[in-house]
Amino acid sequence: MLTFTVFLLFLCELIVPCAHIHPESSVVQIGSNFTAVCVLKEKCMDDYHVNADDIFWKTSRATVSRDQYTVINRTSSSVTFLNIPLINVLLTCNIRMFGQINRSVYGIRIISGLPPEKPENLTCIVNEGKKMMCQWDLGRETHLETNYTLKSEWATEKFEDCKAKRDTPTSCTVDYPPVYFVNIEVWVEAENALGKVASDHINFDPIDKVKLNPPHILSVNNSKELSSILKLTWTDSRFKSFITLKYDIQYRTKDASTWNQVPPEDTSSTRSSFTVQDLKPFTEYVFRIRCMKEDGKGFWSDWSEEASGITYEDRPSKAPSFWYKIEPSHAHGTRSVQLKWKTLPPFEANGKILDYEVTLTRWKSRLQNYTVQDTKLMVNLTNDRYVATLTARNTVGKSDASVLTIPAWDFQATHPVTDLKAFPKDNVLWVEWTAPNEPVNRYILEWCVLSDKSPCIPDWQQEDGTVHRTYLRGNLVESKCYLITVTPVYADGPGSPEHIKAYLKQAAPSKGPTVRTKKVGKNEAVLEWDQLPVDVQNGFIRNYTIFYRTVIGNETAVNVDSSHTEYTLSSLTSDTLYMVRMAAYTDEGGKDGPEFTFTTPKFAQGEIEAIVVPVCLAFLLTTLLGVLFCFNKRDLIKKHIWPNVPDPSKSHIAQWSPHTPPRHFNSKDQMYPDGNFTDVSVVEIEANDKKPFPEDLKSLDLFKKEKVNTEGHSSGIGGSSCMSSSRPSISSSDENESAQNTSSTVQYSTVVHSGYRHQVPSVQVFSRSESTQPLLDSEERPEDLQLADNVDGSDGILPRQRYFKQNCSQHETSPDISHFERSQQVPSVNEEDFVRLKQQQISDHISQPYGSGKMKMFQEVPAVDAFGPGIEGQVERFETVGMEAAVDEGMPKSYLPQTVRRGGYMPQ
Amino acid sequence: MRVRVVPLLLVLHWKQGAGSPLPITPVNATCATRHPCPSNLMNQIRNQLGQLNSSANSLFILYYTAQGEPFPNNLDKLCGPNVTDFPPFHANGTEKARLVELYRIIAYLGASLGNITRDQKVLNPYAHGLHSRLNATADVLRGLLSNVLCRLCSKYHVSHVDVTYGPDTSGKDVFQKKKLGCQLLGKYKQVIAVLAQAF
């Protein structure tokens, strides 16, 4: 027992705090001042050797400034907070033990908030069959837990409080059933830690706050006697047995969106049915109804469920729209006329249309009647004027007749409408016009979609003659071009139609124009494009924009009027690739077409011609002038280019040459040991025989080949200068001249190895020709050559001079002839044999075609070439052998070719 | 004949469906209401009577229908308005007298309706429609009683009215309970029509 007591004392000591704070817990109003006092217990003060000076305050771990402390006495310290904000903090009283150890000894929670405001706008409602519910406005936020209690009482009795739920503090539904015709007083009390406030009391009879259940419509019945009424019956609240109700009845046609109201004074008393009047025949009407207390106190019930009924039929109230169309007819004197009419809308048909009755009357003829269930009738009419009437019939009766005059075929329509306009507005397409001066019975509006793909299938509608503005009552679609026609109809027939195009709603083109170049110049390009098809325009094309750019350049845009189909881009750069595209714009936007590229040319058209032609002309002129100059100055030119070769005939070498070193003359090796030649002689060997040369002529053949290979390096006797020039014609003529000058008195000399013109030969050799043989005898007697040719052509014997031919084209016979003649004079058996044999062998082949022989000779050229440059030395060796053979057999023949220049001669 | 005088305020605290009549506790008449009575009090009383009258017959039908045979076919024998101790009403009396008599009748009906409701919840526990109508009628009677009291108090300064109650049915057998209930509702239908006419 003692132990237990000690334990209790210990526990008490543990749980007994060292201090306490007054007040224990506090809810403080925002904006007020608050003071808390911490009182230390004596025991703690003794145990920890502290007093009030050691107290310090904290709010949620933050130490309160000592300015706010007040040491009241040895045990108590207070802290004061001024103008408390919105807080919810823990305020602790702390002591500092032994000067350094802090310890919390007590704490309280401080919550700030506001007292509740007086609830306002208290209202109550009693839904029929449910309990009363009241609601109110809370006022400002209190930041504190606030209870709202709805209180109610009779004059003699108090009801249980209705405590608002936390989540719906602005309303409360009482627990007791409503009792009508007893005033009840209701108010709301709001209460929290900072105060309690009650709303104003409201006193009312719950019957004045009732919201009845909506009536239930039982039926909507029509009347055969009156096509303009419907009787509505309903059941409504049981309240009608003890209170007076009033009703609100609304109705509308089935397709309408707005409601019509039955006059309230007609439904201000309790009832269960009502007959609605002034309705349209054969029209479906929708009704709804609601009710409330007759005196207007309380609330309207919700609307009842809708109920509908159809009024009874009546005769059509209007004549149908009536029009016609003359079809092309092949029969003479008659017309196929399609009469067409519109079905009456329900509000004009007043019932189900059973059929239409059409009558046609021609002047002084009987009436034709047609009964049609369709809305069109095709009739064949003469070219006369007709009057057609149309009536629609339902179960009750017929409509008024619609009269249409079909004029005679030669009728001239006049008096069209003016100022025809069409514009979209409120999602419909309006048409407006100015009426003609003549009285118009009615107007016919026709319209169709313009399309490149489908034909124009018109729709139409009729308007009264007094109408000058209407909208098209068809299923129009957006982005389609409509061609609208307005035709006034007069008493004697239709007037002239007027047309206009319009869109219900435009859009950007679905496709852009395709641009292309019509002409591309150096600095400009003509672009052209086609107008967009109407199917892709989607609106009126207002303008085009051409965008063009180079590969690296910025894009340039050019606006072009929609009426244009081509445009010239100027200031372009030549020889540049341009990319161009085009956009078409309607009022609603644009669409780009495909991109097109083109390159501007480097030169403009004709520019090249302008440059080349003058240049060519100048060149030709210069050439011509040059030729003329050369022609005029040919002697001077010849003197400079081809200096006169000393005429051997006038040479006096023989006189001044001391002796003739024959060996020098004939031995080329001795004379030019280094193998250089100062002049060239070419000997042409010509053969018509295609057959290979016989063996005994091979040496000659080789000789010929060697001549070909060594052309340009051989030196000829007789001062032949043809080969000294690359212009043989001039050389030839010069040589001719020279040959003529030498005549027969010139002695052959040895080779005069002197430099050509100012060239100094390496070896100065002076020799004198000891020969008295006339030089270039053939040139002095060309008739011999002709004779030889004739002989050659007549007896097939190739003249000897054809074997060796100097490469001087115009005088090729001269050396040959001289050679021929010289050959005859040379007393050498071998030489003669050789020539004879050669001549004989060639003559053996003379019968063969010359051309083929020529071909044979060409075939031999590759054989020569087959030796190639690599065997040039060998060829020269053959040449040398040939020469040596000639030398060995006798005195060297100075007129024979000394060397054969390679390449200087080609077989002809 | 058992006639008991019931303190007025106790009557006001009568709860519907009470099993037994309220205890008789004499109280000194100090007429006071919680808040002023409305000016249209008599009109409200008339409306309440009309409300009760409009539903009395249907309540009667609903009751005997719910009791089953032999009640529907023997209404005259079983449901005749043979309530011996029903408070009298004199329609030609003064308003005060009529209000006092009305007060007694309503108190009697209220107590009896409480007994019937209690018995029917036992005898016909699934006749919710009947229960609901009985409760609604009792609520209306309760409101009517409040209005009459308010009128008597505010205008005629009547602090208390002697009232009587019908027989206690708690000890009766089932048939007797049904029969007494049916007789009471028959009487109620008859009386309420008179009262509705009287005011």
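The set of residues from the range A:471-519 being of a type in the set (Val, Ile, Thr) and open to solvent by less than 60 Å² (accessible area, probe 1.4 Å) comprises A:484, A:485, A:486, A:487, A:489, A:500, A:515, A:517. Of all residues in the range A:403-437, those satisfying the criterion of being under 16 Å from residue A:367 (Cβ atoms) and either open to solvent by less than 40 Å² (accessible area, probe 1.4 Å) or of a type in the set (Ser, Thr, Tyr) (or both) are A:404, A:405, A:406. On inspection, residue B:71 fails the criterion of being under 13 Å from the mean Cα position of the chain (by Cα) and open to solvent by less than 40 Å² (accessible area, probe 1.4 Å). Exactly one residue among A:377, A:390 is aliphatic (A, V, I, L, M), open to solvent by 20 Å² or more (accessible area, probe 1.4 Å) and assigned to a strand (DSSP E or B), and that residue is A:377.
Per-residue answers, yes or no, for (1) hydroxyl-bearing (Ser, Thr, Tyr); (2) assigned to a loop (DSSP other than H, G, I, E, B); (3) in contact with a strand residue (DSSP E or B) (Cβ under 9 Å, 6 or more places away or on another chain); (4) surrounded by fewer than 17 Cβ atoms within 10 Å (Cβ to Cβ):
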position	(1), (2), (3), (4)
A:257	yes, yes, no, yes
A:274	no, no, yes, no
A:280	no, yes, yes, no
A:287	no, no, yes, no
A:313	no, yes, no, no
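Does residue A:394 qualify as being among the polar types (S, T, N, Q) and over 57 Å from the mean Cα position of the chain (by Cα)? Here the answer is yes, as residue A:394 does meet what is asked. Apart from one condition, residue A:157 fits all of (1) within 14 Å of chain B (Cβ to nearest Cβ); (2) open to solvent by 30 Å² or more (accessible area, probe 1.4 Å); the exception is (2). Number of residues in the range A:179-199 that are in a loop (DSSP other than H, G, I, E, B) and within 14 Å of another protein chain (Cβ to nearest Cβ) equals 5.
Among the residues of this structure, residue A:580 counts as one that is modelled with pLDDT of 90 or more and outside the structural domain of residue A:482 (by the TED database). Looking at residue A:465, is it touching a strand residue (DSSP E or B) at 6+ places or on another chain (Cβ under 6 Å), at pLDDT below 90 and either surrounded by 14 or more Cβ atoms within 10 Å (Cβ to Cβ) or among the hydroxyl-bearing types (Ser, Thr, Tyr) (or both)? Answer is no for this residue.
Across the range A:230-247, the number of residues qualifying as more than 10 Å from chain B (Cβ to nearest Cβ) and small (Gly, Ala, Ser) comes to 1. Among the residues of the range B:28-73, the one identified as under 19 Å from residue B:157 (Cα atoms), in contact with a Ser or Thr (Cβ under 9 Å, 6 or more places away or on another chain), within 11 Å of another protein chain (Cβ to nearest Cβ) and of a type in the set (S, T, N, Q) is B:33. Checked against the criterion of being under 21 Å from residue B:61 (Cα atoms), touching a residue at least 60 places away in the same chain (Cβ under 8 Å), within 14 Å of chain A (Cβ to nearest Cβ) and within 13 Å of the chain's Cα centre (by Cα), the range B:111-129 contains one or more residues that satisfy it.
Looking only at the range A:216-251, residues that are open to solvent by 70 Å² or more (accessible area, probe 1.4 Å) and farther than 24 Å from residue A:126 by Cβ come to 7 in all. For the range A:165-178, the criterion of being open to solvent by less than 30 Å² (accessible area, probe 1.4 Å), away from chain B (no Cβ under 14 Å) and among the aliphatic types (A, V, I, L, M) is satisfied by no residue at all. Here is a check on your reading of the model: is residue B:146 within 14 Å of another protein chain (Cβ to nearest Cβ), surrounded by fewer than 24 Cβ atoms within 10 Å (Cβ to Cβ) and modelled with pLDDT of 90 or more? Answer is no for this residue. The strands (runs of 3 or more DSSP E) found entirely in the range A:486-605 that carry 2 or more residues being within 19 Å of residue A:449 (Cα to Cα) are A:498-503.
All of B:64, B:126, B:108 fail the test of being over 12 Å from residue B:178 (Cβ atoms), open to solvent by 30 Å² or more (accessible area, probe 1.4 Å) and modelled with pLDDT of 90 or more, apart from B:126.
The single residue among A:419, A:400 that is at pLDDT 90 or above, of a type in the set (D, E, K, R) and assigned to a strand (DSSP E or B) turns out to be A:419.
The values are calculated or read from the model by the stated rules, or taken from the named source; none is laboratory data. As the structure is a computational prediction, the values presented were derived from the model and not from experiment. Glycine also receives a Cβ, built like all others from the backbone with ideal geometry; neighbour counts cover every protein chain displayed. Remember, those area values only see protein heavy atoms, side chains included, never the ligands or the DNA or RNA. Shrake-Rupley method; radii C 1.70, N 1.55, O 1.52, S 1.80 Å.
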